[in-house]
Each structure stands twice: as structure tokens, then as C-alpha cells.
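A quick write-up on the structure given underneath.
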Amino acid sequence: MQHAYDYDVIVIGSGPGGEGAAMGLVKQGARIAVIERYHNIGGGCTHWGTIPSKALRHAVSRTIEFNQNPLYSDHTRHLRSSFADILAHTENVISQQTRMRQGFYERNHCELFQGDARFLDANTIGLTHPDGSVDRLTAEKFVIACGSRPYHPADVDFTHPRIYDSDSILNLHHEPGHVIIYGAGVIGCEYASIFRGLNVKVDLINTRDRLLAFLDQEMSDALSYHFWNSGVVIRHNEEFEKIEGVSDGVIMHLKSGKKVKADCLLYANGRTGNTDSLSLENVGLEADGRGLLKVNSMYQTAQPHIYAVGDVIGYPSLASAAYDQGRIAAQAVIKGEATAHLIEDIPTGIYTIPEISSVGKTEQQLTAMKVPYEVGRAQFKHLARAQIVGMNVGSLKILFHRDTKEILGIHCFGERAAEIIHIGQAIMEQKNGGNTIEYFVNTTFNYPTMAEAYRVAALNGLNRLF
Ligand SMILES: Cc1cc2nc3c(=O)[nH]c(=O)nc-3n(C[C@H](O)[C@H](O)[C@H](O)COP(=O)(O)OP(=O)(O)OC[C@H]3O[C@@H](n4cnc5c(N)ncnc54)[C@H](O)[C@@H]3O)c2cc1C
């Protein structure tokens, strides 16, 4: 690297994408600066997205577990938590995460600046500090990791006190008895679980014809059933005509002629990349209509010295992937090429109640591809561990090639699914024929564990072969 600039690399954003890039760069000896707009590091992931929603979800799910267990709860003893109560737990987790991540930057001598970054020219960033003063920082290369924010259509008044998005819902200032959630993607479904778990009435308005259509259909059907069973009202194939904010709530007028009224609305339909304030025109870059940047396999934009990672490049828009993309981009920035690549089968973890997690192909994909696959299933209710902890709802499904026995997909529904999936994922990723379903019958698992689901599902699947 030349030393004509203040830094070798400037990273914009301190979410998982920016952190992965920053740590990868300093470990390779680069002089870097990280610019973060918010007064704390960690990004949307720590402050408005992954961490708060998972902490809320955990608190709700433990309350439900407690209330359903006759050992702890009966008609005289019943735990009741409000959104405000569980928010306090969330703040505690956020501050632990922030302190820990701040430590990573300090230990690795990364220069951190608080302020808004925008490009002034190909190698210069204008850094606007919170007091309005502006500094110029130069670097040879850049990594844009500025993330995304909730999409705000022009005809929805987000200044109305009862209309929230997935960021502002964390400042919910009243206790709702009834909420409309518009958008039944991952965020909408996760918040539907959280509110329903707090005994709030939920109307979930889905613009599509089924929930989370990218999932294996059985998983999506199971979620629909559990939502229905817990009292969530799902309306598929609906779009809003008008959203009317009134003094005591919100009325949603649907194009189908229906009207839904609730105490508040969580609008969770789509996200936009945070590229609008970067002055990309000054470096000859252009984002698409959703504010996203195009990159090549090394996360290089159309300008070879500018890289982009995380939500700002779109799919898969996950914290897990953003961190890895940052590390891979750091390698490419320094070495001119990246030997590491994002894995092909990125697992999906959906923290609804119950939880869902998948890796690999769905039955629908395999059928369309005409792959002769077989299915092995285990129901949680038949596992000793699940019976001990009262986790009767759930199942594990392994899809495998009926000739080679190669594992092609794993789909898990139920509490801890996002953890359980990783056992199967580790085997699925094995090379040289080690990725077959037979692994699960030829090994000894701890007993009683949820991992036993793999052995049960494998035996079930192998027994179907003839
Ligand atoms: C409700 C919700 C739940 C989620 N749950 C999960 C989950 O369970 N698992 C999962 O893997 N993912 C989840 N995600 C997605 C995950 O949060 C994102 O994929 C991840 O945060 C993306 O990381 P990032 O580094 O690209 O961006 P971010 O984490 O958004 O960080 C970007 C940072 O850049 C800063 N910034 C932006 N513009 C500028 C600028 N011009 N100058 C300086 N700084 C700037 C921002 O302030 C921000 O701090 C969830 C998201 C939401 C909203």
C-alpha cells in the first residue's frame, strides 16, 4: 500500500459487515479508519435489528414456557410481561454487545470516528461530525458497509405516533392491546410472535399468498398453523389502499375493500440500502432503485478501489453473512483476490415462536429439479430430551438422495431449531462422501439430547428405501 493517504482503507459503518472488514484489515497490517454515524458502534444489527428482536423474542418465549409449565404456573401464578418490561432486558443485552465490540476496535488500534461519511472524490471522504463540523479523510481504498433501513413509502405517515417501523417499534411508548403488522416477511413474522406472546391481538397482513414462501412448504404451513392456533389473524394477498392514523390508533383500508383497526401499526414491508447520503455520484457509482450496490465475487463495486458488503449489496441481508463478507472483502482489498468465499448453502434462522431453521434445498426445489430424494423425519414429541424440557412442538426433516444418500436439505421447526440445524449443516458440508445421512446412524450421540432427532430422522428415512 502507498502512504500518500491518511489511511490505507476507510470502512463506512460499524455493523457486522464493517466489523468483519475492519478486523480482517487490521489483522493484515492495514492502517484503517472506521466511520460510524450512530453514537455507538455495532450497527443496525446491534441497535435496531438482530440483537433487540432476538432478545425480545427470547424473553417472550421464556414467559410462554413458564406459563405453560404446570410445575411453575397455575391459575394463581401466571407471569405477565409488557413490551416495556422486556425492552429493559433488550437494552441490557445491547449495552453488553456494544461494550464488547468497542473492545475489539480498541484492542486492534482501529481509529473510530463518529459522524456521517460521504464521498467528496475518488479518495476523499467528507466526515460530518455530530456538531456539524466537517473533516476530510483520505484513503487508497474503501469498504462501504452502511447497511439498510426500513422502507418508507411516501403515502405512509411515519410521523404519526401510532405508526411504527421495525426501528421505531423499539421506542413503543404505550401498551398496545391490538397491533396490525403490515408485511409478513421474516421481520413481520418474528414481531407477530413477540406481540402474540405478550397477549396482544395481531392482524398480520401478507402481500403474498403464503408465509415466507422461500421456506420448504411444510415449514411455512406449520408456521401458519401455529399462528392460527395462537390467535394471529393472517390475511394473505392483501395490499393497503390507505393508512389512516387516528387519535387512538390506526385504520388500514385494504385494496380488497376490508378495513382493519388497531391501536398501532408496525409497517414491516421492505428495506432500502443506506446509500442516498454517500454522494456516490462523486465517485461514479450508482445504486439501484432499492439503494443497493452491485458487486463482483470479491465484493468490489464498479470502482475497483471501492468494496461493499452486508445489507447494502442485498441478498442474503443477514448479519451472519455480512460479517463473513466483510472478512472476505478485507482479504481481497489487501491481496487483490479472495481465497475464502461465502458458503453456498447459507442457513436460514427464523426466530418466530416456534423457531424455524433450514439449510440446503426444499422439497419443492428438489421436485422441480427432478432429483430422486427421500425424506427422513423425527417429531420432537418422541424425543426424551424434548419430553423432559416440555418441547413437544417441532420436527426435523432430512432430505437425501435415495441413491447416493447425500444430504440435500435439512428443515427444522421448533424451539432451538436455529441451533439444532448446525449439527446437520456440519455433516452436510463434509467432502469426499462424508455428507451422507448414514453418518447419523453410525455415530453415538449424547442421550438425551435434541441431537437425537438426527438419528431418529435418519433411521426413518433409510427405512423408506427399498
Ligand atoms: C428486526 C430485524 C431482525 C433481524 N434479525 C436477524 C437475525 O436474526 N439474523 C441475522 O443474521 N440477521 C438479522 N437481521 C439482519 C441484520 O441485522 C443485517 O443483515 C445486518 O445488520 C447487516 O449488517 P451491515 O453491517 O450490512 O449493516 P448494519 O448492521 O445496518 O450497520 C450499518 C451501519 O452503518 C452506519 N452508517 C450508514 N450510513 C453511514 C454513513 N453515511 N456514514 C457513517 N455511518 C453510516 C449505520 O449507522 C449503521 O450503524 C435482522 C434485521 C432486522 C431489521
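The values are calculated or read from the model by the stated rules, or taken from the named source; none is laboratory data. Since we're looking at a predicted model, the values are computed, not measured. Positions of Cβ are generated from backbone atoms using ideal geometry, with glycine treated the same way; all protein chains shown enter the neighbour counts.
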* Quick one: F466 ticks every box in (1) surrounded by 14 or more Cβ atoms within 10 Å (Cβ to Cβ); (2) more than 30 Å from P70 (Cα to Cα) bar one, so which box is it? -> (1)
* Asked: Within region 364-377, is even one residue farther than 19 Å from I427 by Cα, aromatic (F, W, Y) and surrounded by 15 or more Cβ atoms within 10 Å (Cβ to Cβ)?
  -> no
* To do: Could you please find all residues in region 60-109 being more than 28 Å from P176 (Cα to Cα) and acidic (D, E)?
  => E106
* Check whether at least one residue in region 320-342 is surrounded by 14 or more Cβ atoms within 10 Å (Cβ to Cβ) and within 30 Å of I243 (Cα to Cα), and report yes or no. => no
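To keep it simple, each residue is scored yes or no on (1) surrounded by fewer than 21 Cβ atoms within 10 Å (Cβ to Cβ); (2) of a type outside the set (G, A, S); (3) within 15 Å of the ligand (Cβ to nearest atom); (4) not assigned by TED's automatic domain parsing to the domain that holds A55.
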| position | (1), (2), (3), (4) |
| --- | --- |
| A122 | yes, no, no, no |
| I125 | no, yes, yes, no |
| K201 | yes, yes, no, yes |
| M219 | no, yes, no, yes |
| S230 | yes, no, no, yes |
* Structure fact -> Within region 31-69, residues in a loop (DSSP other than H, G, I, E, B) and surrounded by fewer than 21 Cβ atoms within 10 Å (Cβ to Cβ) come out as R31, R37, Y38, H39, N40, N69
* Could you count how many residues in region 167-226 are outside any loop (DSSP other than H, G, I, E, B) and in contact with a His (Cβ under 6 Å, 6 or more places away or on another chain)? -> 2
* To do: State yes or no: is A88 assigned to a strand (DSSP E or B) and outside the structural domain of V389 (by TED's automatic domain parsing)?
  => no
* Go through region 255-313 and tell me which strands (runs of 3 or more DSSP E), entirely inside it, have 1 or more residues that are away from the ligand (no atom under 16 Å from the Cβ), buried (at least 23 other Cβ atoms within 10 Å of the Cβ) and assigned by TED's automatic domain parsing to the domain that holds V233. => 264-267
* Selection from region 70-81 of residues that are farther than 22 Å from E91 by Cα and either surrounded by 12 or more Cβ atoms within 10 Å (Cβ to Cβ) or within 16 Å of the ligand (Cβ to nearest atom) (or both) -> Y72, S73
* Structure fact -> All conditions in (1) acidic (D, E); (2) farther than 21 Å from G310 by Cβ; (3) surrounded by 15 or more Cβ atoms within 10 Å (Cβ to Cβ) are true of D116 except (2)
* Among the candidates R99, R118, R77, R107, single out the residue that is over 21 Å from G17 (Cβ atoms) and of a type in the set (K, R). => R77
* Structure fact -> Counted residues in region 1-27 being more than 19 Å from R101 (Cα to Cα), surrounded by fewer than 24 Cβ atoms within 10 Å (Cβ to Cβ) and of a type outside the set (F, W, Y) come to 6
* Would you mind finding the one in D131, D135 that is without any contact (Cβ under 8 Å) to a residue 24 or more places away in the chain, more than 14 Å from the ligand (Cβ to nearest atom) and not in a helix (DSSP H, G or I)? => D131
